[in-house]
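Only one structure is covered here, and it is reproduced in the block below.
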Amino acid sequence: MPKLGVNVDHIATLRQARGGTEPDPVTAAAMAELAGADGITVHLREDRRHIQDRDVMLLRRTVQTHLNLEMAATDEMVAIAMKVVPDYVTLVPEKRQELTTEGGLDVVKQKQKLTKQIDLLHQAGITVSLFVDPDLAQLKASVRVKADYIEIHTGTYCDAKGSAKVAELAKIEEAIKAGKKLGLGVNAGHGLNYQNIRPVLALGGVEEYNIGHSIISRAVLVGLDRAVREMAALVHGC
Ligand code: PXP
């Protein structure tokens, strides 16, 4: 049975909008675990736009399932990961101006740097995953740099329409098969929601799905009724 890793970055985005203390992604992570999440994912971005160092430190101590730290392949982030020692590190490309992670990591072009960083992370006992496009050259390079897992970038599939969507799903299917054949663990994520995940689930072979935006978006809407009722009861004095 595939696992579900819940990404709580968007809870932190809401907190940062006011610069206060709520909602707390650490509390959200505990709630996600109580509801059945198999893992918790956070992306500590270089600009700290949502998740903060404090969140990662606390999550390391409170997460009962496994903690997957997404981060850019930089020396600063590798040093933080070696201090925190999450269960997994997922290396992702990062651009300051992007709204969210755009595209997979170019493992082919960064083989030397990634080999060194993955070796350091392994020495600290951390399992390493690389967020890559469903592209055979990137998968083969992932093996060469000694990654344990790949996370297949599903964003292009999620955004595609019509026949392009069918073609993107076929690329994901090929990447799952190739990844497993190459001896890599295969995860997937980005842009998955309650509809578009179904055809991907039907392919089989994915160990863990990392999903954030659609779950937190749904939480806001399914939780709004109760939240308004509770405040209305206070205001109306009943
Ligand atoms: N996997 C990776 C590597 C990501 O960068 C993200 C976004 O932070 C996700 C999964 C989750 O994507 P989404 O929020 O669209 O579900």
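The values are calculated or read from the model by the stated rules, or taken from the named source; none is laboratory data. None of these values were measured; they are calculated from a predicted model. All Cβ positions, even for glycine, are placed from backbone atoms using ideal geometry, and neighbour counts span all protein chains on display. When the accessible area is computed, the model is the full protein with side chains, heavy atoms only, and any ligands, DNA or RNA have been set aside. Shrake-Rupley method; radii C 1.70, N 1.55, O 1.52, S 1.80 Å.
Here are some notes:
- Debye intensity ratio I(q)/I(0), log10, segment 119-188, q values 0.19, 0.21, 0.23 Å⁻¹ (C-alpha model): -0.70, -0.81, -0.91
- Nearest 10 degrees, 0 to 90: helix 213-235 Cα axis against the chain principal axis: 10 degrees
- Multiplying the residue separation of Val166 and Val228 by 0.36 nm and subtracting their alpha-carbon distance yields 18.2 nm.
- Accessible area, probe 1.4 Å, largest first, for residues His213, His122: His213, His122
- Label separation (Asp53 vs Ala79): 0.9 nm, computed from points 7 Å beyond Cα along the C-beta direction.
- Accessible area expressed per residue, the chain, with surrounding protein chains retained (probe 1.4 Å, Å²): 52 Å²
- Working note: Cα atoms of segment 112-238, range along each principal axis, descending, whole Å: 65, 43, 22.
- Charge sum, other residues only, whose C-beta stays under 12 Å from Lys113's C-beta, Lys/Arg counted +1 and Asp/Glu -1: 0
- Charge dipole magnitude, Cβ of K and R +1, D and E -1 - the chain, Cα centre, debye nearest 20: 240 debye
- Shape metrics for segment 1-100, restricted to C-alpha atoms - Rg then Dmax, Å: 12.9, 39
- With Cα atoms, 0 to 90° folded angle of helix 162-181 axis to the chain main axis: 60 degrees
- Counted residue by residue at 0.36 nm each, then reduced by the alpha carbon distance between them, the extension gain from Arg198 to Lys140 reaches 18.1 nm.
- Globularity index of the chain, i.e. its alpha-carbon radius of gyration over 2.2 N^0.38 Å: 1.04
- Taking amide hydrogens as placed 1.01 Å from N in the peptide plane, the amide H of Glu70 sits under 5 Å from those of Val42, His43, Leu44, Thr90, each at least 5 positions away in sequence or on another chain.
- Computed from label points 7 Å out along Cα-Cβ, the spacing between Lys181 and Arg61 is 4.8 nm.
- Segment Ala124-Arg218, length gained on full extension (0.36 nm per residue, minus Cα span): 30.2 nm
- Relative contact order, percent, the chain [alpha-carbon distance under 8 Å, six or more residues apart]: 17 percent
- Rounded to the nearest 10 degrees, the inclination of helix 9-18 to the longest alpha-carbon principal axis of the chain is 50 degrees.
- Between the exposed loop cleavage positions of the chain, defined as trypsin sites (Lys or Arg not before Pro) in a non-H, G, I, E, B DSSP state with at most 14 neighbouring beta-carbon atoms within 10 angstrom, the longest gap is 162-238.
- Segment 137-176-segment 34-98 distance, computed between alpha-carbon centres (Å): 22 Å
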